[in-house]
Amino acid sequence: MFTHKKAQIEMIGLAIIVILLALGMFFIAKFSLSSDTGNEVQQGKQQQISTQFLNTLMSTKAGCVGSSATFTGLLQEYVSESTNLECEGGLETYFRTSVKSIFNQTLDVWQYKYNLTITFPPQANKDPISEGPGCARYDNSKTQYFFIPTDYPKSIVLELRLC
Amino acid sequence: MNKKAQIQMTENVIILFIFFILLIFAIVFFTRIQTGKQEIKISEDIQNRGLQIAQSISTLPELRCTKKAVTVLGCYDEANALALQSLVEQNNDYYFDQFSYSTISINEIFPEVREPIVIYDNKKANFTSLIPTQLPMLLCDFTESTEKGACSFAILNINVYS
């Protein structure tokens with residue numbers, strides 16, 4: 001009878017140890033998982049950069065010869081096929097080179113991955129322009145759009161995905 | 001009987017010893033987690049401070065772009081930025097309340113790369129951390145005779161010291 005009781009007490013002791021270990025494991029898992037989730041400040045910063053980047057880029061003076069046209073004006077000219085602007089290497093090449101140069105000094109240095117896609121109205125018969133290393137499918141990203149009116153019924157759509 | 005009691009006492013002492021060792025491990029573990037969280041919180045606060053400064057600069061009347069008394073949104077006036085440098089030197093206390101220990105500069109990068117305009121520079125002596133915040137911005141020159149002014153792509157650099 002005495003040995004029986006002692007065995008029961010030992011079993012209870014073991015059970016308490018198992019419960020304590022399980023609790024310990026639970027807390028370890030909880031703390032280690034919660035430390036990485038959602039850096040709100042980083043996300044806010046990402047949002048602010050993506051918004052300001054496109055707005056700033058499209059209002060920047062393109063630097064074409066003898067003109068104060070902005071990149072917005074340059075893309076409008078590109079779509080309308082007019083020859084008012086004289087840019088080194090042609091409008092598309094100049095736009096790509098300039099944007100790449102700006103990306104090299106900003107988002108690349110700040111170590112962001114990004115993708116800028118420009119789609120033109122179907123009537124303009126222009127291929128979309130895409131710049132940047134791109135984001136992985138499951139990257140946490142912020143997307144910003146900018147629309148440029150054209151003579152066609154549809155606008156030029158700029159999409160900047162920052163991740 | 002005495003021997004059995006001694007063995008039981010030793011067993012109790014060993015159990016207590018193991019218990020306290022586990023307790024010490026737990027305390028060390030939680031302290032480390034708390035310290036790590038505290039460091040992350042401090043870093044986030046400083047980053048927030050950088051963004052707050054960026055927000056307050058964007059609404060600063062001293063830097064705002066105006067054309068024929070109308071405010072142009074989302075840009076800084078180059079002439080105003082240059083004038084602000086000397087204004088900050090004369091009214092350091094006023095600007096310290098807004099920008100505290102930080103360095104704020106504007107770097108023009110396109111179409112031309114130019115020397116940065118440092119509008120505020122107040123480094124903290126013996127600072128332990130420096131958190132940089134960079135935001136794209138328009139820097140406009142309204143002295144050019146264009147309708148909207150010629151605007152360059154620039155970067156607003158804010159280094160916050162703590």
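Relative contact order, whole percent, for chain B stands at 22, derived from Cα pairs under 8 Å and 6 or more residues apart. Exposure proxy for A:K45, A:K126, A:K5: other Cβ atoms within 10 Å of each Cβ, ordered fewest to most, give A:K5, A:K126, A:K45.
Averaged over the residues of peptide A:60-68, the number of Cβ atoms from other protein chains lying within 10 Å of each residue's Cβ is 5.
Rg/Rh, computed from the Cα trace of chain A with Rh as the Kirkwood radius, has the value 1.45. Each listed q (0.10, 0.12 Å⁻¹) maps to a log10 I(q)/I(0) for the protein assembly as shown, found by the Debye formula over equal Cα scatterers with no solvent: -0.72, -0.93. Ratio of Rg to Rh for the stretch B:33-161: 1.03 [Cα atoms; Kirkwood radius as inverse mean 1/r over pairs]. Assuming charge only on the beta carbon of Lys and Arg (+1) and of Asp and Glu (-1), the dipole of the protein assembly as shown about its Cα centre is about 2040 debye to the nearest 20. Counting neighbouring beta carbons within 10 Å and listing from fewest to most, the residues B:C151, A:C135 come out as A:C135, B:C151.
Simple rule: put +1 on each Lys or Arg Cβ and -1 on each Asp or Glu Cβ in the stretch A:46-162, find the dipole, and look at A:Q144, A:V79, A:L54; the Cα lying farthest toward the positive end is A:Q144.
Stretching the chain fully between B:R32 and B:T59 yields a gain of 5.6 nm (0.36 nm per residue, less the alpha carbon separation).
Relative contact order of chain A: 19 percent, from C-alpha pairs under 8 Å at least 6 residues apart in sequence.
The GNM of chain A, with springs linking C-alpha atoms under 10 angstrom apart, assigns the highest mean-square fluctuation among A:E131, A:E92, A:E40 to A:E40.
Using a Gaussian network model on chain A with a 10 Å cutoff between Cα atoms, which of A:F53, A:F71, A:F26 fluctuates the most? Looking only at A:F53, A:F71, A:F26, the biggest GNM fluctuation is shown by A:F26. Under a model in which nothing but the beta-carbon of Lys, Arg (+1) and Asp, Glu (-1) is charged, chain A shows a dipole of about 940 debye around its Cα centre.
Translational diffusion of the stretch A:41-118, estimated by Stokes-Einstein from the Kirkwood radius over alpha carbon pairs at 37 °C in a medium of 0.692 mPa s, is 242 µm² per second. Remind me, relative contact order of the stretch A:117-163 in percent, using alpha carbon pairs under 8 angstrom and six or more residues apart? Answer for the stretch A:117-163 is 44 percent. The fraction of Cα-Cα pairs per 5 angstrom bin, counted from 0 for the stretch B:88-138, comes to 4, 16, 24, 21, 18, 11, 4, 1 percent, rounded to whole percents.
If one computes the Cα centroid of the stretch B:98-162 and of the stretch B:55-95, what distance in Å separates the two points? For the stretch B:98-162 versus the stretch B:55-95, the Cα centre distance is 12 Å.
When A:R137, B:R114 are sorted by how many other C-beta atoms sit within 10 angstrom of their C-beta, beginning with the fewest, the order is A:R137, B:R114. Label-to-label distance for A:T83 and A:I28 is 7.5 nm, based on points extended 7 Å past Cα in the beta-carbon direction.
Values quoted throughout were computed directly from the atomic coordinates according to the rules given, and no laboratory measurement underlies them. This one's a predicted model, so the numbers in the text were calculated from it and none came from an experiment. Positions of Cβ are generated from backbone atoms using ideal geometry, with glycine treated the same way; all protein chains shown enter the neighbour counts.
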